[in-house]
Amino acid sequence: MSPFPKLLLLILTVAISSATASDDERVSELLSLQSRSKSGIIHLNDQSLARFLTAVKTPRPYSILLFFDAAQLHEKPELRLTELRNEFSIVASSFITNNPSSNSKLFFCDIEFKESQLSFSQFGVNALPHIRLIGPNMGLQESEPMDQGDFSRLADSMAEFVEAKTKLSVGPIHRPPIFSRNQLILIAVVILVWIPFFIKKVLAGQTLLHDPKVWLAGSVFVYFFSVSGAMHNIIRKMPMFLVDRNDPSKLVFFYQGSGMQLGAEGFAVGFLYTVVGLLLAFMTHGLVKIRNVSVQRVVMIFALLVSFLAVKQVVYLDNWKTGYGIHGFWPSSWN
């Protein structure tokens with residue numbers, strides 16, 4: 001074998017070895033940064049983003065899920081950046097905990113606007129909240145953004161996005177406990193001290209549970225809770241409203257489409273249902289006790305008119321949202 005092919009083979013071997021070592025060094029550095037972060041999120045800026053993404057040849061040995069943040073927008077509650085950042089950290093810590101052998105394949109990172117305006121422009125990000133996945137074979141522009149509608153389910157939707165795009169399993173979401181150990185001990189002590197006084201009040205019939213007005217208010221609340229879709233909002237963690245994509249200064253309270261329901265529209269429909277229910281309850285239990293027939297008729301006509309308008313508005317909203325119409329039919333014997 002001639003010396004030239006041997007020399008070429010040696011050069012290729014050294015180049016491949018140095019590239020592999022360079023990739024291993026970057027993975028080790030990312031793991032080190034991850035271990036030093038309490039939440040497992042690596043904070044990047046323009047320089048570090050270039051080092052771990054643009055300066056690395058594809059395919060990279062890792063993917064990066066990047067959360068775009070802007071400290072000056074944390075005071076805008078409609079964007080929910082602080083809440084989404086916390087949910088992002090929960091997904092990151094859960095992934096690291098559940099996948100100790102795969103945590104070098106996906107890294108959770110964040111980037112702040114004031115520190116990294118160049119990176120924001122390179123990604124083409126001009127609105128928040130925004131999350132992008134940069135896969136091993138992707139450039140900045142080819143990276144996949146998370147759909148705005150998926151932010152409503154917070155950590156669960158982020159985990160589903162990761163699993164769908166990377167084929168990696170996030171595993172169960174580990175949320176921090178609501179109360180710490182010391183708080184639970186304090187609550188238990190307070191309950192133990194309060195129990196004797198509560199038993200004394202119960203035996204004397206002087207508690208709120210003996211007040212009929214409390215039961216009336218509770219029944220109205222349960223009715224409103226049932227018809228307003230509040231349980232759906234809690235389970236799905238639905239926001240009360242969204243920011244209009246075309247005009248960020250406007251808020252969207254009613255979402256057109258059957259796939260999603262905002263909290264505000266559920267409460268609006270629930271309020272209309274509750275008004276109708278209370279009017280019907282008043283007519284069947286309160287109005288019958290009034291002896292003046294003229295007053296009965298006026299109040300009944302007013303209650304029926306309000307109920308008709310409320311039901312009509314609910315039907316209109318349902319038709320506008322889903323496209324389905326409700327039609328009345330005359331009995332066949334009337335034809």
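The values are calculated or read from the model by the stated rules, or taken from the named source; none is laboratory data. Computed from a predicted structure; not experimentally measured. All Cβ positions, even for glycine, are placed from backbone atoms using ideal geometry, and neighbour counts span all protein chains on display. The area values use the complete protein model at the heavy-atom level, side chains included, leaving out ligands, DNA and RNA. Shrake-Rupley method; radii C 1.70, N 1.55, O 1.52, S 1.80 Å.
Scanning the stretch 137-171 for residues that are polar (S, T, N, Q) and either assigned to a helix (DSSP H, G or I) or under 12 Å from the mean Cα position of the chain (by Cα) (or both) yields Gln148, Ser152, Ser157, Thr166. Regarding Ala127, is this residue of a type in the set (Gly, Ala, Ser) and modelled with pLDDT of 90 or more? Spelling it out, it is not the case that Ala127 is of a type in the set (Gly, Ala, Ser) and modelled with pLDDT of 90 or more. Among the residues of the stretch 61-104, those that are assigned to a loop (DSSP other than H, G, I, E, B), more than 11 Å from Pro129 (Cα to Cα) and either touching a Lys or Arg at 6+ places or on another chain (Cβ under 8 Å) or not charged (D, E, K, R) (or both) comprise Pro61, Tyr62, Pro77, Asn99, Pro100, Ser101, Ser102, Asn103, Ser104. Screening Val276, Val299 for residues that are of a type in the set (A, V, I, L, M, F, W, C), surrounded by 13 or more Cβ atoms within 10 Å (Cβ to Cβ) and without any contact (Cβ under 8 Å) to a residue 24 or more places away in the chain leaves exactly one candidate, Val299. Residues in the stretch 39-77 that are open to solvent by 40 Å² or more (accessible area, probe 1.4 Å), within 22 Å of the chain's Cα centre (by Cα) and in contact (Cβ under 8 Å) with a residue 12 or more places away in the chain: Ala71, Gln72, Leu73. Residues in the stretch 172-198 that are more than 18 Å from the chain's Cα centre (by Cα) and not hydrophobic (A, V, I, L, M, F, W, C) were compared, and the one that is farthest from Phe68 (Cα to Cα) is Pro196. Of all residues in the stretch 106-151, those that are open to solvent by 10 Å² or more (accessible area, probe 1.4 Å), of a type in the set (Gly, Ala, Ser) and in contact (Cβ under 8 Å) with a residue 24 or more places away in the chain total 3.
Would the stretch 84-105 turn up any residue that is among the β-branched types (Val, Ile, Thr) and open to solvent by 30 Å² or more (accessible area, probe 1.4 Å)? Yes, the stretch 84-105 contains a residue that is among the β-branched types (Val, Ile, Thr) and open to solvent by 30 Å² or more (accessible area, probe 1.4 Å).
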